[in-house]
Amino acid sequence: MPKQRKTKGRMQLHISPSLRHVTVLPGKGVREFIKVKVASRKLSYRMVFYFLLFLTFMLRFVFVLTAMETIEGCVGKRLGPKIFGRTMEPTKVPEEIYRILEEAEVKIPRFGSDAPDSLEEFLAEMRSSKSDAKTFALRLKALVTLLEQKTRIAKIQEFLYRHVASSSIPKPLHCLSLRLAAEHSTNAAARAPLPSPDLVPALVDNSRRHFVLASDNVLAAAAVAASLVHHALGPSSVVLHIITDRKTYAPMQAWFALHPLAPAVVEVRGLHHFDWFARGRVPVLEVMERDREMRSQFRGGSAAIAASEGEKPVVVAAKLQALSPKYHSIMNHVRIYLPELFPSLKKLVFLDDDIIVQADLSPLWEIDLQGKVNGAVETCRGEDKFVMSKKLKNYLNFSHPLISKTFNPEECAWAYGMNIFDLDAWRKTNIKDTYHEWIQKNLELDLSLWQLGTLPPGLIAFHGHVHIIDPYWHMLGLGYQENTTRDDAEKAAVIHFNGRAKPWLEIAFPQLRPLWTKYIDFSDKFLKACNIRP
């Protein structure tokens, strides 16, 4: 230690040679002192952390300034207050751009024009030319418009591809029908009557639970039937009436004859087997023929729809869906004739062929419909706002005075696919005639009242005759969205793959498809022969 200087009455300060200690001596001659230890010259982790944090903040600040300077270079404007000696006026660029776009006539760019194709190209152009605000705004508008056009075309192409995929019959399903038809012609067991003669009385026994399934898809019908019987607590009380068309009757008969679901009772009938349908005048058949001709002339086919300019993608999707073959199939209209097709029954549950049953449905017969005809799940209330947001305005054209003066657009819609019908109450109404009348009106008005399928006329015909049941009984939307999780879907009694992504198609949503495939035995010889796999 160097010598200490003692000066009476004065405070003394002593600093060690290592610069790590400072000693303060009070100046009153008292040997009191304060020793202060100075931190090491080594940096601590905490100091490094705070330094990096400060550096990060400064880098982001510099980045913002650089970006502002770049934009200023493009449009020649100052964007903010004075920072680091820069005089910056209050922001005026957005207002200037809006004014230019409102006053200038913006030419809509076309493919192949000189509009920038990407954001990178736009920024490079602006940096190189140092354009003024007007050029900046117009070129930015051209870029955005061109990108919107590309997005629209991509969406429409997706809808068109899905339409083609969902409308055509996959080769494996076609193979299955052909093999079963051949089996029906060569194998007596495949022609066994369904049901057997001793079970025929069950077909009109109102103490049993009657279900009706209308389908021309053997594989789909097999999955529905298997799931229904599997979950029934009393399968011996289940009677399943399967209705199909003439061309599918032999394959459908062969499948259920060779794959019995005992103790449940299964009946397979073609529409040509129903006396009422065969001998009577069926207005919907005439309507379907006219509807087919009208749609072909009115819309010009799927290619014309996809090529239309200015049409929103959602509208294009709706028009494409209207061309789906299912909407030209009598199987889609069968439900409106249930009281005539089953004159001895009082109550039944109607099932679409794109549903899966996951619970015992016998409690449906205990629901008091309060004099109504149709027990259905409404589709405008629920946690899933995308699926459960459908009102009458989503299906009917309220810009037409005939619709607007008759119905309330905010009224909740309800779902086809799993409905319990009180046939006795139905027979006291004019539901069928109303259905025919409105379909006829829609044809006469060039399909301007609605565009999609049988649900819109069904909403009209059953208007005032619907009793809302708990949504647990019917979950919708598994064929047109994948937001529904598998866990949520498994909690519903019936799940419905309504939409284009049917579970038997390759475009089905992979996380939801197992809910359907679990009821198909892919080791079956007919399925293996046709290369039908999970």
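The values are calculated or read from the model by the stated rules, or taken from the named source; none is laboratory data. Note that the coordinates shown come from a computational prediction; the quantities given were computed from them, not determined experimentally. Cβ coordinates were reconstructed from backbone atoms using ideal geometry, including for glycine residues, and neighbour counts include every protein chain displayed. These area figures cover heavy atoms from the full protein model, side chains too; ligands, DNA and RNA do not enter into them. Shrake-Rupley method; radii C 1.70, N 1.55, O 1.52, S 1.80 Å.
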- Message: So, in the range 194-243, exactly how many residues are surrounded by fewer than 17 Cβ atoms within 10 Å (Cβ to Cβ), without any contact (Cβ under 8 Å) to a residue 60 or more places away in the chain and part of a loop (DSSP other than H, G, I, E, B)?
- Response: 3
- Run Asn397 past the list (1) open to solvent by 40 Å² or more (accessible area, probe 1.4 Å); (2) over 20 Å from Trp473 (Cβ atoms); (3) not in a loop (DSSP other than H, G, I, E, B) and report the number of the one that doesn't hold. (3)
- Is it the case that some residue within the range 202-209 is in contact with a Phe, Trp or Tyr (Cβ under 7 Å, 6 or more places away or on another chain), modelled with pLDDT of 95 or more and closer than 26 Å to Leu173 by Cα? no
- Scan the range 514-533 for residues that are assigned to a helix (DSSP H, G or I) and of a type in the set (Gly, Ala, Ser) and jot them down. Ala529
- Any chance you could count how many residues in the range 425-446 are touching a helix residue (DSSP H, G or I) at 6+ places or on another chain (Cβ under 8 Å), within 23 Å of Ala415 (Cβ to Cβ) and among the hydrophobic types (A, V, I, L, M, F, W, C)? 4
- Note on the range 467-483: residues under 25 Å from the mean Cα position of the chain (by Cα) and crowded, with 17+ Cβ neighbours inside 10 Å are Ile469, Pro471, Trp473, His474, Met475, Leu476, Gly477, Leu478, Gly479, Tyr480
- Query: Within the range 193-226, can you find the residues that are under 26 Å from the mean Cα position of the chain (by Cα) and either β-branched (Val, Ile, Thr) or farther than 12 Å from Ala264 by Cα (or both)?
  - Reply: Leu213, Ala214, Ser215, Asp216, Asn217, Val218, Leu219, Ala220, Ala221, Ala222, Ala223, Val224
- Among the residues listed as Ile439, Ile403, the single one being modelled with pLDDT of 95 or more and not polar (S, T, N, Q): Ile403
- Message: Looking only at the range 484-503, count every residue that is of a type outside the set (S, T, N, Q), open to solvent by 20 Å² or more (accessible area, probe 1.4 Å) and assigned to a loop (DSSP other than H, G, I, E, B) and tell me the total.
- Response: 5
- Counted residues in the range 115-143 being farther than 18 Å from Glu95 by Cα, modelled with pLDDT of 70 or more and not hydroxyl-bearing (Ser, Thr, Tyr) come to 14
